[in-house]
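Working notes, beginning with the structure itself.
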Amino acid sequence: MRLSLLREGLTTTAARARCELRKEAEHLPRHVEASLGSETLTYGTASHFPTIHLPRMTAITPPSRRFFYGWIVLGAIFLIYASGTIGVSTIPLLNVKLRTELGLDHSQIALGPSLLFFIMACLSPFAGILLDTLNPKRLLIVGWVAFIGALCLYAQIHSFWHYMAFYALYALGSVCTGVIPGIYLISKWFRVHRGIATGIFTVGSSFGGTIFPRIAGYFLQTMSWQETALAMAGVTAAFAVIPWFFVRLTPESMNTVPDGATHTNTTDTASTLSSTATPKTNESLADAFRSLDFYLILFITAAVWFSIQPLIQHLSFHLKDIGVEPSKAGAISSTLFFCSIFGKLFFGWLSDYADKKNILLIATLNLATGAFLVRQTSFIPEEWLLYTAAVVYGLGFSGSFTMVQLLVAERYSASTSFGKILGFVTTADSFAVVVGVWLLGVLRTNQGSYTSAFGIMVAAPLVATACVLVLKQLSRPSMR
């Protein structure tokens, strides 16, 4: 009996000691790893009393301070995405000379960008499917090969059909290196900082729109438009091929987790990876098609893109119509893209701290205001209004573009069919761009100006604003 009581007493004492050690460990500084040892308390002899082992207790170790590799991945896809904007931001400058040399009208020139986005719309679902099944880096390889080949082809254009073939090949590159693989990789590498990461990524298009027209303008001073196209192919190779080698697919491949938390203990790492990984849902593409919010998101992104890319594609022709010199037109375009850099970073950063739908409302209203100011330049072609319109529209289109991507990622990134859903969303906005670019070209040819066409560009973001309000209402919890 005494022996039994003694054993119970020792067990109770050991349990108390274990609790005291745990309490002490909780009060240790988080930056200190407290090794309290694997102490063994022995009472009596092994033949008469139990040997009680107190487990090693380690205070929580904070994330390592080494640089988070996700920022390198972000920088790589940023440069690749920037290189893809040459066809959108720089080729229109060359198209002005090409149109004169080939004798094409505005509607024919507009068919090229329309074909670009039409093919992108058709290919986007397939790119989304490949993202869910294959290595995204393979898509990036196909993309930059298509870019370089398309620019080499542009230098050999001798007919309207060569011109259309260039845009068809460039569309393949845009799908494989654009928003679809970019947002997909960002959703893998970032959660807490997804907003600012998306903002930085989307700055790639503005960065490309800022520097590549100036580079092309420099080449055009001493080269023909054909030679300039070949030079831009070399620029694309530098901006797309080299960064590709630094792309990694998941944080786990670099022994880290989303947003950069790393651990020195294998067990801790496994548990942290499990706790920080985005919980997956079984929501399929079919489930998305059965929900009203999916159609609202499709309509929002389509309306936003309808007001962005068509206006940018026709801006150079509009500036020429109102008598703006080519050198000044390039400066205005660069101002627009430069302001969009700030807009993407600001709206992306703000979305990490505020409701994304509210930020999208502000961005779409800003976009409508900018489009209205661009339309007013048809009546008041003053330099102050031209630059004001460039600033306001640059902020508006960049904010809307960034927030649309974040809205889709926030809603569907946890889905096992995220790639497919992202592909279909891209299809919707690409078809909107096709219609918009074609419509502006037809209206300009028939009416001789862009006044009516730009009026439609003002209405589109207002429609997107109304859809966001409906989406906000649907997302509110029902009051009982």
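Things to note:
- Relative contact order computed over the range 70-475 (Cα-Cα under 8 Å; 6+ residues apart), in percent: 29 percent
- Interchain or long-range residues, amide H under 5 Å from Ser415's placed H: Thr281
- Listed values for the range 210-219 are Karplus-derived 3J(HN,Hα) couplings in whole Hz (6.51 cos²θ - 1.76 cosθ + 1.60, θ = phi - 60°), namely 7, 9, 5, x, 5, 4, 5, x, 5, 5, and x replaces Gly and Pro.
- Among Cys467, Cys152, Cys176, the ranking by other beta carbons within 10 Å of each residue's beta carbon, starting with the fewest, stands as Cys152, Cys467, Cys176.
- The Met223 and Thr445 beta-carbon pair, evaluated with R₀ = 35 Å, returns a calculated FRET efficiency of approximately 0.70.
- Taking the number of Cβ atoms within 10 Å of each Cβ as an exposure proxy, the fewest-first ranking of Phe160, Phe207, Phe289 is Phe289, Phe160, Phe207.
- Sorted fewest first by neighbouring Cβ atoms within 10 angstrom, Ile86, Ile362 come out as Ile362, Ile86.
- Taking Cα centre as origin and charging only the Cβ of basic (Lys, Arg, +1) and acidic (Asp, Glu, -1) residues, the dipole magnitude of the range 119-248 rounds to 480 debye.
- At R0 = 41 Å, FRET efficiency that the Cβ-Cβ distance of Thr100 and Arg138 yields, to 0.05: 0.55
- Extension gain from Ala354 to Glu252, taking 0.36 nm per residue of separation minus the Cα-Cα distance: 33.8 nm
- Computed from phi, the 3J(HN,Hα) profile of the range 346-351 under the Karplus parametrisation 6.51, -1.76, 1.60 (θ = phi - 60°) reads 5, 5, x, 4, 5, 5 Hz, with x in place of Gly and Pro.
- What you get for the range 370-480, charging only the Cβ of Lys and Arg (+1) and of Asp and Glu (-1), is a dipole of about 520 debye around the Cα centre.
- Sum of side-chain charges, Leu140 neighbourhood, beta-carbon under 15 Å (Lys, Arg +1; Asp, Glu -1): +4
- Each residue, Tyr295 and His162, gets one label point 7 Å from its Cα in the Cβ direction; the gap between the two is 4.7 nm.
- With coordinates expressed along the principal axes, the C-alpha atoms belonging to the range 70-475 extend over 67, 45, 36 Å, beginning with the largest.
- Inter-part distance where the range 64-105 and the range 391-407 are each reduced to a Cα centre, Å: 17 Å
No value in this document is a laboratory result; all are computed from the given coordinates. Keep in mind that what you see is a predicted model, and the values were worked out from it rather than measured. Using ideal geometry, Cβ is built from the backbone for each residue, glycine included, and neighbour counts are taken over all protein chains shown.
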